[in-house]
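Only one structure is covered here, and it is reproduced in the block below.
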Amino acid sequence: MPTTPIRRSRPLRALLGLATAALLLLAVEGLARAGMGSPPDPPGLWQRWDSQRPSFEQVEGTVVARYQDRSEPVSFAAQAIPGLPRVVFLGGSSMHGGSRIATDLELPAAAARTLAERGVAIEALNLGNPGLDSHDIRQLALEALSFGPELLVIYTGHNDLGNTLQEQRYGSFGGAVQVRLRLLLWRSRAYLLLRDLVSPRAGESGDGRRRPQPGEPHLPISDGQRLLAAEALQRNLVAITQQAAKRGVQTVLVTPISNWLMCRPIGRGCPEARAIIDLETYGSRPVPHDQLPALERALQAHPDCAELLHARGRLRSNDGDPRAADDLRRALATDPSPMRADATMTDAVRAAAREGGATLLDLEALTLESYSVPPQAWFVDCLHFSPEGHGTVGAMIADTVQASLALP
């Protein structure tokens, strides 16, 4: 009696095909890992430095931070001096270069000087550089750990948000999906092997940065972009902390602060603001008091307009009104084109400290508790510290360094 062939439905055949393809991919991945080892951790997709371009150059026992290309690179001995705690400071232009003052007036030197006045000596290495964000700092920290620090101090957050805007990271929903997919593919040894075979230059830089051209407007940033930037910031800081802990090195994470009072939102919050705010004089004086009724009416219609909130916050601050801080905080949080760390980024630093077991210096919380808003005298612009700011914040960092290292 002849047998009747078993007919499989199209969906079933499709599932069997997918299962077979998945098994083949797993087999290829297994063979690739067996021959080449596990793939490295996915890099920050926009990091400035990679394994093809060492950040530090070591010659006859002296190390030079070659990535500090906008100023005289820091040089230091490869081996730490016995009995002198080596503290590495990492960050962007707020740490080094942005204030356009001498290095011996910046945060690391100010912290070391404060400790010296207490009879405590440390070796403070200022390894910050303008433009660095947590993707860059993650790699630099891993390299710096080989030079024997006892403590890492990291001040970041502004550039993670600013670079997301300026370099159009996660530019849309599709861009966000692409970022996720690329990170997933980077975890596959087979993908990395195929990529290098097809396009050998693809792995050399992995930069992908795109900066606006002169005159190009700052594009608005979406809530999704903010969240992705904050997630990357937290992930990178946790990775740094965990890698440092494996080498017995402690980490201090510092929440970023900025000049809330003088720097209005750079995005166009709402058209109604232009009828009230004189952009020609806004930087030198607040909106006149006689415009307050118009401000209030406009805010009733547009309660989340960043420019209106900032204008009212400045007026309230001049009047000593405690509600000024809330207005200024909301203006920063709703800025359509933020260049300074907002609450999303600050909370990411706090979360990273909890998750990674780092010491948190909550600079923002301490500052707001004492001053309501960050003092204008601490800044030379929207986010870079003045000599007074470097000195004051450096002294606060010194307290945390002393406690973290249990120094006398």
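The values are calculated or read from the model by the stated rules, or taken from the named source; none is laboratory data. Predicted model, so just to flag it, every value in this text is computed and none were measured. Note: ideal-geometry Cβ built from the backbone for every residue, glycine included; neighbour counts use all protein chains shown.
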Identity of the residue in the range 144-194, within 29 Å of Ala358 (Cα to Cα) and hydroxyl-bearing (Ser, Thr, Tyr), that ends up modelled with the lowest pLDDT: Tyr170
Residues located in the range 373-404, provided they are outside any helix (DSSP H, G or I) and in contact with a Phe, Trp or Tyr (Cβ under 8 Å, 6 or more places away or on another chain): Val373, Pro374, Phe379, Phe385, Ser386
Residue count, the range 66-97 (criterion: closer than 18 Å to Asp133 by Cα and at pLDDT 90 or above): 9
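This table checks each residue for (1) modelled with pLDDT under 95; (2) within 17 Å of Pro82 (Cα to Cα); (3) basic (Lys, Arg).
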| site | (1), (2), (3) |
| --- | --- |
| Arg113 | no, no, yes |
| Ala116 | no, no, no |
| Asn129 | yes, no, no |
| Asp133 | yes, no, no |
| Arg138 | yes, no, yes |
| Leu142 | yes, no, no |
Contacts under 7 angstrom Cβ, first residue in the range 229-253 being in the same structural domain as Val87 (by TED's automatic domain parsing), partner outside any loop (DSSP other than H, G, I, E, B) and of a type in the set (D, E, K, R), 6 or more apart: Ala229/Asp160; Ala232/Asp160; Leu233/Asp160; Asn236/Arg138; Val238/Glu355; Ala239/Arg138; Ile240/Arg138
Complete set of residues in the range 324-334 that are crowded, with 17+ Cβ neighbours inside 10 Å, over 25 Å from Leu107 (Cβ atoms) and of a type outside the set (Gly, Ala, Ser): Asp327, Arg330, Thr334
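Among Asp304, Asp321, which is the only one that is outside the structural domain of Glu150 (by TED's automatic domain parsing), free of Cβ contacts under 8 Å to residues at least 12 places away in the same chain and surrounded by fewer than 23 Cβ atoms within 10 Å (Cβ to Cβ)?
Asp321
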Test set (1) buried (at least 16 other Cβ atoms within 10 Å of the Cβ); (2) farther than 30 Å from Phe379 by Cβ; (3) modelled with pLDDT under 80 - Phe56 fails condition number: (3)
Checking Leu90 against (1) more than 30 Å from Thr344 (Cβ to Cβ); (2) surrounded by 20 or more Cβ atoms within 10 Å (Cβ to Cβ), the condition it does not meet: (1)
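Which of the residues that make up the range 351-408 are of a type in the set (Gly, Ala, Ser) and more than 20 Å from Ala230 (Cβ to Cβ)?
Ser370, Ser372, Ala377, Ser386, Gly389, Gly391, Gly394, Ala395, Ala398, Ala403, Ser404, Ala406
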Verdict on Val74 being among the β-branched types (Val, Ile, Thr), surrounded by 12 or more Cβ atoms within 10 Å (Cβ to Cβ) and without any contact (Cβ under 8 Å) to a residue 40 or more places away in the chain: no
Residue in the range 233-250 that is surrounded by the fewest Cβ atoms within 10 Å (Cβ to Cβ), counting only those that are assigned to a helix (DSSP H, G or I) and hydrophobic (A, V, I, L, M, F, W, C): Ala245
Residues of the range 357-387 satisfying the condition of being acidic (Asp, Glu) and within 13 Å of Cys263 (Cα to Cα): Asp381
Close pairs (6 angstrom Cβ cut-off, 6 or more residues apart or separate chains): of a type in the set (Val, Ile, Thr) in the range 328-341, in a loop (DSSP other than H, G, I, E, B) anywhere: Thr334/Asp304
Enumeration of residues in the range 341-361 that are within 21 Å of Glu150 (Cα to Cα), crowded, with 16+ Cβ neighbours inside 10 Å and not hydrophobic (A, V, I, L, M, F, W, C): Gly356, Thr359
Failed item, numbered, when Ser370 is tested on (1) at pLDDT 95 or above; (2) assigned to a helix (DSSP H, G or I); (3) farther than 23 Å from Ala116 by Cβ: (1)
Subset of the range 290-343 that is polar (S, T, N, Q) and in a helix (DSSP H, G or I) - its residue that is farthest from Ala365 (Cα to Cα): Gln291
